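What follows is a set of notes on a single structure, which appears directly below.
The values are calculated or read from the model by the stated rules, or taken from the named source; none is laboratory data. Source: prediction; values computed, not measured. Don't worry about glycine lacking a Cβ; one is built from the backbone with ideal geometry, like all the others, and counts go over all protein chains shown. Side chains included, ligands, DNA and RNA excluded: accessible areas come from the protein's heavy atoms. Shrake-Rupley method; radii C 1.70, N 1.55, O 1.52, S 1.80 Å.
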Amino acid sequence: MSGLVTVDARIVGALREARRVVILTGAGVSAESGVPTFRDQQTGLWKTFDAAELATPSAFRRDPSLVWGWYEWRRATVLAARPNAAHRAIAAMSEFVPHCTLITQNVDDLHERAGSVGVLHLHGELSRPYCEACRRSYVLPEGIPDLPPGGARIEPPRCDACGAMIRPGVVWFGENLPDVAWRSACEAANRCDMFFCCGTSSVVQPAASLTDLAIAARATTVQINPNATGYDDSVTVAIQGLAGIVLPRIVAETWKSA
Ligand code: APR
């Protein structure tokens, strides 16, 4: 693990040669935009809950207004947030490399707002709620939900077609990932020659296993995280730093003459 003074030459060298780059992001990439990560202590109405408790079908069945309220609070936080330098560096990177696949565990749209296209959302999107019964998409009202600072319980809206509850458009624990996104992510990791895992604790499966696929594919693998993860000793380079500082430096150093 290296404190970052200059960008490791192995990264610059590999990135300049790379034809197929995969970037896997987690909550840490949106942290510098003010969006709390999952392992951060919850606040307000939810401070007594572990995020993993709230992000389950059983929690929604048990207390739908608590869970819907939490996701509306998170959606309000994301709508008020702006992409940070990490999101922008990732969007820039995709301009320089022939094939760049961006895979995210994040349910926000900050990558897209930074200019990234074709983002593979493995855990769904806050902006895509749907009916829990007939799965019809639900169109959210425009604008930032007007919520009290600590959040509030909010009854989920009802489906216009079948009257069932609308649920958040995210993948909850115990649910399957979207099939097309997951298969595309695996294929990209299996074929890449460079792989970045940024701002993820790498504990949630199957997303975390994408790093194993890239390692098995003998790609140059780079982890960016201020804290240790289970991949510190198995990636090519583990950088202990903030994504919003490290990624722009990597882009600048690699393509400074571009
Ligand atoms: N830059 C880079 N990494 C950061 C930053 C930052 N500025 N700030 C925090 N981190 C790191 C933390 O050290 C932590 O390892 O980001 C990681 C965030 O970890 P989690 O909160 O576990 O988020 P993530 O890995 O995305 O969680 C995966 O778990 O709860 C589910 O579905 C949810 O998508 C989520 C999944």
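So which residues in region 137-173 are in a loop (DSSP other than H, G, I, E, B) and in contact with a strand residue (DSSP E or B) (Cβ under 6 Å, 6 or more places away or on another chain), if there are any at all? Before you say what the answer is, go through the steps one by one.
First, pick out the residues of region 137-173 that are in a loop (DSSP other than H, G, I, E, B): 138-157, 159-164, 168-169, 171-173.
Listed by number, the residues that qualify are 138, 156, 157, 159, 164, 169, 171.
Restricting to region 176-188, count the residues that are touching a residue at least 12 places away in the same chain (Cβ under 8 Å) and either more than 16 Å from the ligand (Cβ to nearest atom) or open to solvent by 60 Å² or more (accessible area, probe 1.4 Å) (or both).
To start, the set of residues in region 176-188 that are touching a residue at least 12 places away in the same chain (Cβ under 8 Å) comprises 177-178, 181-182, 184-186, 188.
Then keep just the ones that are either more than 16 Å from the ligand (Cβ to nearest atom) or open to solvent by 60 Å² or more (accessible area, probe 1.4 Å) (or both); that gives 184, 186, 188.
Residues meeting the conditions: 3.
For region 130-168, which residues satisfy the criterion of being closer than 23 Å to residue 78 by Cβ and of a type in the set (A, V, I, L, M, F, W, C)?
Hits for region 130-168 are 131, 139, 140, 144, 147, 152, 154, 165, 166.
Which residue is nearest to residue 16 (Cα to Cα), if the candidates are limited to region 189-209 and must be surrounded by fewer than 18 Cβ atoms within 10 Å (Cβ to Cβ) and within 16 Å of the chain's Cα centre (by Cα)? If you could, list the steps in order and put the result at the bottom.
Step one: of region 189-209, the residues surrounded by fewer than 18 Cβ atoms within 10 Å (Cβ to Cβ) are 190-191, 203-206, 209.
So of that shortlist, the ones also within 16 Å of the chain's Cα centre (by Cα) come out as 203-206, 209.
Values: 203: 30, 204: 31, 205: 31, 206: 29, 209: 26 Å.
If we take residues in region 189-209 being surrounded by fewer than 18 Cβ atoms within 10 Å (Cβ to Cβ) and within 16 Å of the chain's Cα centre (by Cα), then 209 is nearest to residue 16 (Cα to Cα).
Considering only residues of region 200-230 that are part of a loop (DSSP other than H, G, I, E, B) and of a type in the set (A, V, I, L, M), which is nearest to the ligand (Cβ to nearest atom)? Even if it seems obvious, please write down each step before you answer.
Here is the first cut: in region 200-230, the ones part of a loop (DSSP other than H, G, I, E, B) are 200-208, 217-219, 225-230.
Then drop every residue that is not of a type in the set (A, V, I, L, M), which leaves 203-204, 207-208, 217, 219, 228.
Working: 203: 6, 204: 4, 207: 6, 208: 8, 217: 21, 219: 20, 228: 8 Å.
Ranking the qualifying residues of region 200-230, first place goes to 204.
Please verify whether region 90-99 includes one or more residues that are part of a helix (DSSP H, G or I) and within 16 Å of the ligand (Cβ to nearest atom). Show your work before the answer.
So the first thing to find is which residues in region 90-99 are part of a helix (DSSP H, G or I), and the list is 90-96.
Next, from what is left, pick out any that are within 16 Å of the ligand (Cβ to nearest atom): 90, 93.
Yes, the conditions are met somewhere in region 90-99.
Within region 124-175, count every residue that is under 22 Å from the mean Cα position of the chain (by Cα) and among the aliphatic types (A, V, I, L, M).
5
Given the residues 85, 91, 81, 114, which is the only one that is over 30 Å from residue 219 (Cβ atoms) and buried (at least 17 other Cβ atoms within 10 Å of the Cβ)?
Just a single option satisfies the conditions, and that option is 81.
In region 17-50, which residues are outside any loop (DSSP other than H, G, I, E, B), surrounded by 12 or more Cβ atoms within 10 Å (Cβ to Cβ) and modelled with pLDDT of 80 or more?
So in region 17-50, the residues outside any loop (DSSP other than H, G, I, E, B) come out as 17, 20-25, 28-31, 44-46.
If we keep only those that are surrounded by 12 or more Cβ atoms within 10 Å (Cβ to Cβ) too, we end up with 20-25, 28-31, 44-46.
Result: 20, 21, 22, 23, 24, 25, 28, 29, 30, 31.
Can you name the condition, by its number, that residue 176 falls short on among (1) of a type outside the set (A, V, I, L, M, F, W, C); (2) assigned to a loop (DSSP other than H, G, I, E, B); (3) in contact with a helix residue (DSSP H, G or I) (Cβ under 7 Å, 6 or more places away or on another chain); (4) modelled with pLDDT of 95 or more?
(3)
Is there any pair linking a residue in region 202-218 that is charged (D, E, K, R) to one that is open to solvent by 30 Å² or more (accessible area, probe 1.4 Å), with Cβ under 9 Å and at least six apart or on different chains, and which?
212/234; 218/193
Scan region 133-175 for residues that are surrounded by fewer than 17 Cβ atoms within 10 Å (Cβ to Cβ) and at positive phi and report the count.
4
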